[in-house]
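This report concerns only the one structure given below.
The values are calculated or read from the model by the stated rules, or taken from the named source; none is laboratory data. All of these numbers come straight from a predicted model, not from anything done at the bench. So basically every Cβ, Gly included, is an ideal-geometry build from the backbone, and we count neighbours across all protein chains shown. Side chains included, ligands, DNA and RNA excluded: accessible areas come from the protein's heavy atoms. Shrake-Rupley method; radii C 1.70, N 1.55, O 1.52, S 1.80 Å.
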Amino acid sequence: MSVAKNIGVAKNGGMAKKWAWWAVAAALLVAIQPAGAKTFRWAFQGDVSMMDPYGLFETMTVGFHSNIFEGLVRTGGDLTIGPALATEWSNPAPDLWRFALRRGVTFHDGAPFTADDVVFSFERVGKQGSDFTTAVATITAVRKIDDYTVEISTDGPDPILDRKLDIVFIMSRSWAEAHDATEPVDLRKGVENHAARHANGTGPFMLLSRSPDVKTVLMPFPGWWDRADHDVTEAVFTPIGSDATRVAALLAGDLDLAYPVPLQDIPRIERAAGLGVLKGPELRTIFLGMDQWRDELLYSSVTGANPFKDLRVRRAFYQAIDIEAIRRKIMRRAATPTALMIGAGINGFDPELNERLAHDPDAARALLAEAGYGAGFELGMDCPNDRYVNDESICQAVAAGLAKIGVSVDLLAQTKSKYFAKVLTDDTSFYLLGWTPVTRDALDPLYNLMSSRGERGRGKFNLGRYSNPELDALTSRIGAEMDPARRQHLIGEAFRIHQQDIGHIPLHQQALAWGVRDSVHVVQRADNQFQLRYVTMD
């Protein structure tokens, strides 16, 4: 498949001329691969969902897109924010930000990057169907001052706006208009357009070919504005859902990087010649959510009622879970049990609040009986089987713990594409989910996961519709508080309320484990986003 096909052949001759010389350059790079050409091959347990950068707010997908697209700012390997398509920015008023745009940048099709593309992208990311509306929730206007200056107004102070903007990837206005892709691809409704399978960014790599669920090939963008620190001449991504198959491909030399590595296979990979395992803590929290808004619970034997509306039932579920058994037997001690929806490393984390309820099946059974469910009940549970470390096994352990208190769980474990398509439409009663705060700040889960559903994407990923007006009010104050000490106090109050309500059931922060060839050097970010621009090969 040609580069032109994946960028998208324009509908008029003018656009065709713009991308033609990049297409020729790309074709030459492919045709005249030197003897020292370095093809990097890597695998993840699932595919990137689509090429539209606003289609799915998921860490793996965002990380993959960051190879092709760029935001006004970008996050480095140490998770610090730095310049990207903006060279500098200022906050001249509490509700105003000004960004100076980088000059001389072009998109992969050769079109120049200007303020028009920034304004268009912020309009597009805020439209219905976008999965990234929460990132721009506080923004009231984006104005073009001149071709290389934009101003962003917010509805009050936003102390972490710049942290959010690294995931608002900038798209080409002319490309989107030429290909009828001015609306975001809507995963929830199954609505696609040209941007679902084609891409045109300003990033260090460009899309060469794509076969969904089979293989995606990227190549360096010869016109990238920044210095290329990598030495990759071609990058081949293969989704491999089976842990055993993924590890076998790494051991056989068919892959340079495989992630995640099953915890039980780490010793075998470390013993293999020429291979090693990169390990480190991850910022992601794995948790359980419960439908707390329907009057009658879906997929349940209980009729005319929703047990999860009762705090005693939620607490019973919490205390039925043997988190230490999950940590030892399933996670092989490569996880940190948590009582909070954030872990250490996230701004706002308070270790004094991080104390879980005790595992106590007897107390759990008593709570169920007190709530009127002494005979137990049946319910469905949704779980991915290729998204988080040992996700299906964790759900099976949760189901086993609940069985001991009389709750029978009908577990539906699916590949992540089917799982997300189901739960993101609120078609769930009880589910497992993981969340990495992209801003590395507590406001992220408070706004996205824990707040009541509202305007501007508030509570968008609160799939069980937990709601407490006091927490909502605190979240709004946290979002505008500029004083760090006062802000930390407010964060603590919000998390205390959530803990008392058992709005969700936090489980653990999982650990990172990437299998890597010794001759390959990569940067392992704590948010588990993998970026090709750091890859070098001996």
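Accessible surface calculations at 1.4 Å, restricted to protein heavy atoms, place the chain at 37 Å² per residue. Other residues with beta-carbon under 14 Å from the beta-carbon of Glu270 carry, at +1 per Lys or Arg and -1 per Asp or Glu, a net charge of +3. List residues of segment 303-343, by number, whose backbone nitrogen lies under 15 Å from a label position 7 Å along Cα→C-beta of Ala366. The answer is 312-313, 315-317, 319-320. When the chain is described by a simple charge dipole with +1 on each Lys and Arg Cβ and -1 on each Asp and Glu Cβ, the residue from Leu474, Val520, Pro184 located farthest towards its positive end is Val520. Between the residues Phe107, Ala249, Thr80, the greatest Cα displacement towards the positive end of the dipole of the chain, with unit charges on the Cβ of Lys, Arg, Asp and Glu, is found for Ala249. Remark on Phe69: its backbone amide H falls under 5 Å from those of Gly203, a criterion applied only to residues 5 or more positions apart or on other chains, H modelled at 1.01 Å from N. Here the sum of -39500 (n - 2.57) over DSSP H runs of 4 or more residues, divided by the residues of the chain, equals -7500 deg cm²/dmol at 222 nm, to the nearest 500. Here Lys279 is the anchor, and the aspartates and glutamates within straight C-alpha reach of less than 20 Å, apart from those fewer than 8 places off in the same chain, are Asp78, Asp243, Asp256, Asp265, Glu270, Asp386, Asp391, Asp518, Asp527.
Around Leu275, which amide H atoms from residues at least 5 apart in sequence, or from another chain, sit under 5 Å from its own amide H, with H modelled in the peptide plane? Excluding prolines and chain starts, which carry no amide H, the hits are Asp518.
Each Lys and Arg Cβ is given +1 and each Asp and Glu Cβ -1; about its Cα centre, the chain then shows a dipole of about 740 debye.
Residues whose amide H comes within less than 5 Å of that of Asn347, counting only those at least five positions distant or on another chain, are Asp441, Ala442 (H built at 1.01 Å from N in the peptide plane). Placing R0 at 30 angstrom, the Cβ-Cβ distance between Ser90 and Gln128 gives a FRET efficiency of 0.40 after rounding to 0.05. Return the FRET efficiency for the residue pair Ala252, Arg486: r is the Cβ-Cβ distance, R0 is 51 Å, and the value is rounded to the nearest 0.05. That gives a FRET efficiency of 0.35. Just list whichever of Lys422/Lys460; Lys189/Lys416; Lys329/Lys418; Lys189/Lys460 have alpha carbons separated by over 20 Å in the model shown. From Lys422/Lys460; Lys189/Lys416; Lys329/Lys418; Lys189/Lys460, over 20 Å: Lys329/Lys418. Ranking Ala413, Val389, Tyr431 by Cα position along the charge dipole of segment 382-485, where only Lys, Arg, Asp and Glu carry charges on their C-beta atoms, puts Ala413 farthest toward the positive end. Give me a comma-separated list of calculated 3J(HN,Hα) values for segment 398-408, in order, Karplus coefficients 6.51, -1.76, 1.60 applied at θ = phi - 60°, integers in Hz, x for any Gly or Pro. With the stated coefficients, segment 398-408 comes to 4, 4, 5, x, 5, 4, 6, 10, x, 9, 9 Hz. Consider a paramagnetic label point 7 Å from the Cα of Arg456 along Cα→Cβ; state which residues of segment 137-155 have an amide N under 12 Å from it. From segment 137-155, the list is 137-141, 153-155. Multiplying the residue separation of Arg294 and Ser393 by 0.36 nm and removing their Cα-Cα distance gives an extension gain of 32.8 nm.
Note that segment 445-455 has calculated 3J(HN,Hα) couplings of x, 4, 6, 7, 9, 10, 7, 5, 4, x, 6 Hz, one per residue in order, obtained from phi through the Karplus relation 6.51 cos²θ - 1.76 cosθ + 1.60 (θ = phi - 60°); glycine and proline are x.
Taking a ≥ b ≥ c as the square roots of the Cα gyration tensor eigenvalues, segment 39-78 comes out oblate, since a/c reaches at least 1.5 and a/b does not exceed b/c. Going by a ≥ b ≥ c, the root eigenvalues of the Cα gyration tensor, does segment 153-241 fall in the rounded group (a/c under 1.5), the prolate group (a/b larger than b/c) or the oblate group? Here segment 153-241 falls in the oblate category. Surface composition of the chain: carbon plus sulfur atoms hold 50% of the accessible area, using a 1.4 angstrom probe and ignoring ligands, DNA and RNA. Annotation for Leu411 and Gln500: the two label points, set 7 Å from Cα along the Cα-Cβ direction, are 3.5 nm apart. Across segment 133-146, rounded Karplus estimates of 3J(HN,Hα) from the backbone phi angles (6.51 cos²θ - 1.76 cosθ + 1.60, θ = phi - 60°) give 4, 5, 5, 10, 4, 8, 7, 9, 7, 10, 10, 7, 8, 8 Hz, Gly and Pro being marked x.
When volume of the Cα convex hull per residue in Å³ is calculated for this entry, the matching label among (i) 135; (ii) 156; (iii) 177 is (i).
Decide, for segment 328-423, between rounded, prolate and oblate: order the square roots of the alpha carbon gyration tensor eigenvalues as a ≥ b ≥ c, take rounded if a/c falls under 1.5, and otherwise choose prolate if a/b is larger than b/c, else oblate.
It comes out oblate by the Cα gyration axes.
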